[in-house]
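*Asks:* First the structure, then my questions, so here it is.
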Amino acid sequence: MAPSLSRLFAAVGVPVIAFLALVGVFEPPAIASVPTSTIAGAAMTGFAGWCCLVALASDAPWTAAGFLVLSAAFSVQFLSAVTIETDAVAYAVVGVAVGLILVGGTRDDPVTDWAELAS
């Protein structure tokens, strides 16, 4: 993966991971009267969505597809009334997403020159 993409992913990913770690350590039942699982799901969905948008803007379609799958899975699991009931399905969905991101690492040729992207 291009270093420019990694830096943009980390700009949002590091605070999200730190937040999730703090939630895991202190285990509050709710944050602002919203269940902690919903807040954590929103954080993970937001991070995956951010990575998808960055990959799309950088012309990295395989990477964007992987993060889109992750974002959809997180939103279904944590933010909707429907949940993924079996572990096998959850692992399969995450496996597909990771596979797409790994393929993107070799096949995508992201635009790293933002001036070139703007033109």
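*Asks:* Could you tell me whether any residue of segment 54-74 is in contact (Cβ under 8 Å) with a residue 24 or more places away in the chain, open to solvent by less than 60 Å² (accessible area, probe 1.4 Å), within 20 Å of P110 (Cα to Cα) and among the hydroxyl-bearing types (S, T, Y)?
*Replies:* Yes, segment 54-74 contains at least one residue that is in contact (Cβ under 8 Å) with a residue 24 or more places away in the chain, open to solvent by less than 60 Å² (accessible area, probe 1.4 Å), within 20 Å of P110 (Cα to Cα) and among the hydroxyl-bearing types (S, T, Y).
*Asks:* With respect to G41, is the statement that it is of a type in the set (G, A, S) and modelled with pLDDT of 95 or more true?
*Replies:* It is false that G41 is of a type in the set (G, A, S) and modelled with pLDDT of 95 or more.
*Asks:* Return yes or no: is S58 within 28 Å of G24 (Cβ to Cβ) and either at pLDDT 95 or above or under 18 Å from the mean Cα position of the chain (by Cα) (or both)?
*Replies:* Answer is no for this residue.
*Asks:* Ok, one more. Give me the residue from segment 1-53 that is among the β-branched types (V, I, T) and either in contact with an Asp or Glu (Cβ under 6 Å, 6 or more places away or on another chain) or more than 26 Å from L100 (Cβ to Cβ) (or both) and, out of that set, most open to solvent (accessible area, probe 1.4 Å).
*Replies:* V25
The values are calculated or read from the model by the stated rules, or taken from the named source; none is laboratory data. Every value quoted in this text rests on a predicted model; they were computed, and no experiment measured them. Using ideal geometry, Cβ is built from the backbone for each residue, glycine included, and neighbour counts are taken over all protein chains shown. These accessible areas exclude ligands, DNA and RNA; they are computed on the full protein's heavy atoms, side chains included. Shrake-Rupley method; radii C 1.70, N 1.55, O 1.52, S 1.80 Å.
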